[in-house]
Amino acid sequence: MRIFLDTANIDQIRQAAKLGIISGVTTNPSLVSREGTADYEAIIKEICSIIPGPISVEVLVEGVEPMIEQAQLISSWAPNIVIKIPATTEGLEVTSALAKENIKVNFTLCFSLNQALLGTLAGATYVSPFVGRLDDAGHNGMEVVKDIVDVFAHYQLTTQVIAASIRHPQHCVTAAKAGAHIATVPYKVLMQMLHHPLTDVGVARFLSDWQGVSRK
Ligand code: G3P
């Protein structure tokens with residue numbers, strides 16, 4: 001399972017890039033709005049220059065024609081941009097049109113296997129089931145991820161499944177076990193995936209034992 005960073009924060013992206021394990025970034029309008037800039041193009045271009053992998057960028061308009069036009073514009077900003085299109089009727093039509101132009105789509109705000117299936121039939125490169133928001137609504141988000149992964153594998157569909165709306169490190173464990181191709185995680189969760197108190201205790205003990213020997 002590959003890891004994408006789910007943020008529009010440049011410092012977090014730079015920090016995570018140094019670790020050498022991030023292969024893409026997903027953004028959305030809420031994440032970008034938290035960064036206090038109205039210059040969508042500038043922030044997206046900066047993210048694209050830091051991480052060479054796929055950078056998901058959401059359209060900010062409604063309606064088939066406006067979404068297609070904006071997607072075409074956004075995808076011209078950098079070669080690694082993937083356009084996030086919501087799993088709506090209009091979104092499906094837009095996804096089909098963009099796929100015909102070889103513009104990669106991340107079919108987002110997916111909350112069911114059916115939505116994901118329609119997204120892949122429309123030509124989406126990625127589908128993003130929102131695990132945390134399903135859990136919030138009293139469903140089992142990771143079961144939806146597993147169903148999508150299993151059905152795509154059964155029919156040998158090449159669309160990749162991004163487990164999104166990840167809220168805690170256990171989500172990453174279950175996403176990997178479910179066979180998600182990618183988990184997109186907030187920076188805080190990425191750090192939580194790595195940290196273990198026994199590692200910290202072990203490092204401290206090894207160093208203090210070694211200092212004891214070298215002082216003799
Ligand atoms: O990748 C989608 C993600 O940004 C949504 O997360 O926590 O707002 O449900 P959340």
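Quick notes on this structure:
- Of 84/146; 100/146; 104/146; 84/104; 84/177, those spanning more than 19 Å from alpha-carbon to alpha-carbon: 84/146; 100/146; 104/146; 84/177
- For the chain, the longest principal axis of the Cα atoms and the long axis of helix 197-215 meet at an angle of about 30 degrees.
- Choice from 182, 51, 81 with maximal GNM fluctuation in the chain (Cα, 10 Å cutoff): 51
- DSSP bridge pairs, the chain: antiparallel proportion in percent, nearest 5: 0 percent
- A helix-only calculation puts the chain at -16000 deg cm²/dmol for mean residue ellipticity at 222 nm, using -39500 (n - 2.57) for each DSSP H run of at least four residues, averaged over all residues.
- The stretch 20-61 and the stretch 63-120: distance between their alpha carbon centers, rounded to Å: 16 Å
- Residue list for the stretch 50-88, given a label point 7 angstrom along the Cα-to-Cβ vector of residue 38 and an amide N cut-off under 17 Å: 60-61
- Gaussian network model of the chain, springs between alpha carbon atoms under 10 Å - residue of 27, 125, 37 with greatest fluctuation: 37
- Between 0 and 90°, nearest 10: helix 169-178 axis offset from the chain longest Cα axis: 60 degrees
- Theoretical FRET efficiency, 1/(1+(r/R0)^6), r = Cβ-Cβ of residue 151 and residue 1, R0 22 Å, to 0.05: 0.80
- Translational diffusion coefficient (Stokes-Einstein; Kirkwood radius from C-alpha pairs) of the stretch 65-131 at 25 °C, 0.890 mPa s, in µm²/s: 213 µm²/s
- Across the stretch 82-216, Cα pairs under 8 Å and at least six residues apart give a relative contact order of 17 percent.
- Tilt relative to the chain, helix 113-122 - C-alpha long axis, 0 to 90 degrees, to 10: 60 degrees
- Among 144, 203, 82, residue whose mean-square fluctuation peaks in a GNM of the chain (springs only between Cα atoms under 10 Å): 203
- Rounded to the nearest 20, the size of the Cβ-charge dipole of the chain about its Cα centre is 1120 debye, with Lys and Arg at +1 and Asp and Glu at -1.
- Size of the chain: Rg and Dmax of its alpha carbons, in Å, are 19.4, 76.
- Top positive-direction residue, dipole computed over the stretch 121-179 with Cβ charges, set 173, 121, 153: 173
- Computed with a 1.4 Å probe on the full set of protein chains, the accessible area for residue 136 sits at about 110 Å².
- Note on residue 146: accessible area approximately 90 square angstrom, rounded to 10, probe 1.4 Å, nucleic acids and ligands left out.
The values are calculated or read from the model by the stated rules, or taken from the named source; none is laboratory data. Keep in mind that what you see is a predicted model, and the values were worked out from it rather than measured. Counting neighbours? That spans all protein chains shown, and the Cβs are built from the backbone with ideal geometry, glycine included. Only protein heavy atoms, including side chains, enter the accessible area calculation; ligands, DNA and RNA are left aside. Shrake-Rupley method; radii C 1.70, N 1.55, O 1.52, S 1.80 Å.
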